[in-house]
Structures are given as C-alpha cells and as structure tokens.
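This report refers to the structure that appears directly beneath it.
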Amino acid sequence: MRSLLYLAVFLGAVAAAPFELISKRALADHEWTRGKDGCPAYLKKGEYESPSYITRISKCKPNKAFGSQSKALITPNDVSSIISFDVPKSRADANCTLEFLFPRQNQVKGSKYKYEGHGTFFFTGYLAGSCPGPKTTFNNQPTPGVFPPFPPIHMEPGYAYTIDVGPCMFAAGTCVSGCKPKFPP
C-alpha cells in the first residue's frame, strides 16, 4: 500500500483564501533541523507553531475515531490526517504562513517514511476554531472553512511548499486545522 507518513508541517498560522501554491523551494540540509525539537533551523524560536493535535480519518472506515496521533498518515483514496495548530492571540497583527516541509529521507533523523505514488496532494482548511478532537471521524469532521479547497498540489521530497500567506487575525486566539480529505478520481 502506498503511504506517506507525516513528515513535517509548520505553521506561522493560516488565514487568506487558498487558491494556488504560492512557492516551492529546495529544502537545504542546513535548514531542516535545529536539534531535538525537529523544527526548521531557519526559523527563530517563537516564529513557528508546532501541531497541537493530529488525528486520522478513513474513507473506508467513516465512523472510526482514531483519537490523538503522534504522526500523520496519508494513503491513496482512504486515510487522511487532520492537523491542528493553536494560534496565539499575540499573532493577531502578524502575517502568517502555512508551509509544508517535505524533507528527503536522508534529511530526517530518527524516523523513516515511505513515499510512493504520483505525489498529488489535496489540502482543505476548516473553519477557525472548529478543530478535531477524540471523536473526529470521516463522517464527523470539523466545520468546513469559508474558502474552497486548494487545487491539487504536486509535491516531492526535498522541498518546502508555501501553501498560504495572510493575516493571522482570523485565527488568533483559537485553533486552525486542515487535512487532505478530498481524494483524486
């Protein structure tokens, strides 16, 4: 089975309408990790948010609640992961960036992942403040956001993908979350 384990997602927060991939850049070895926290070395402490909650949903088991997970899992046409971030109130006047870091296997220390397939990913955001919990299932997802899903994005290891940039005020003081719930035909 083709699968992709959650590698790294960082959020300076999220906000503006998602319509297209903003940028793709090579992820250099010296940028990838700072130390035990596994956060990007090019960001100073306090300039990023780590996931506060990760859970999975399954199209094939639509009523199964997976609860809190330490890593995300994505499989073609079945399992997706919902990743939630708590955005501090202090970020209300800041611009925020949603970036997906997809390191090469040799850039990851202490874990491995399996990546196969075409590399097409579908991202959908949920309404700010509507975040996953222990009872989240495919049939019981957080409330959809006001913007349409992102168009499909082709991603491959070794790159950082900026998915969204915008004002943090929409989510400051609450949680934001998103996942890959739409499956390709």
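Read the figures in this text as sums done on the coordinates, not as results from a lab. Bear in mind the structure is a predicted one, so any value in this text is a computation, not a measurement. Reconstructed Cβ throughout: ideal geometry from the backbone, glycine too, with neighbour counts over all protein chains shown.
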Problem - Spin-label zone in region 120-140 - amide nitrogen under 17 Å from a point set 7 Å from the Cα of V146 along the C-beta vector - result: 125-131
Exercise for the section: Please report how far the C-alpha centroid of region 117-165 lies from that of region 70-86, rounded to the nearest whole angstrom. Expected result: 9 Å
Practice task
Give me Rg over Rh for region 23-163, both radii from the alpha carbons and Rh done the Kirkwood way, two decimal places.
Solution key: 0.95
Exercise for the section: For K114 and S50, compute 0.36 nm times the residue count separating them, minus their Cα-Cα distance, and round to one decimal in nm. Expected result: 20.8 nm
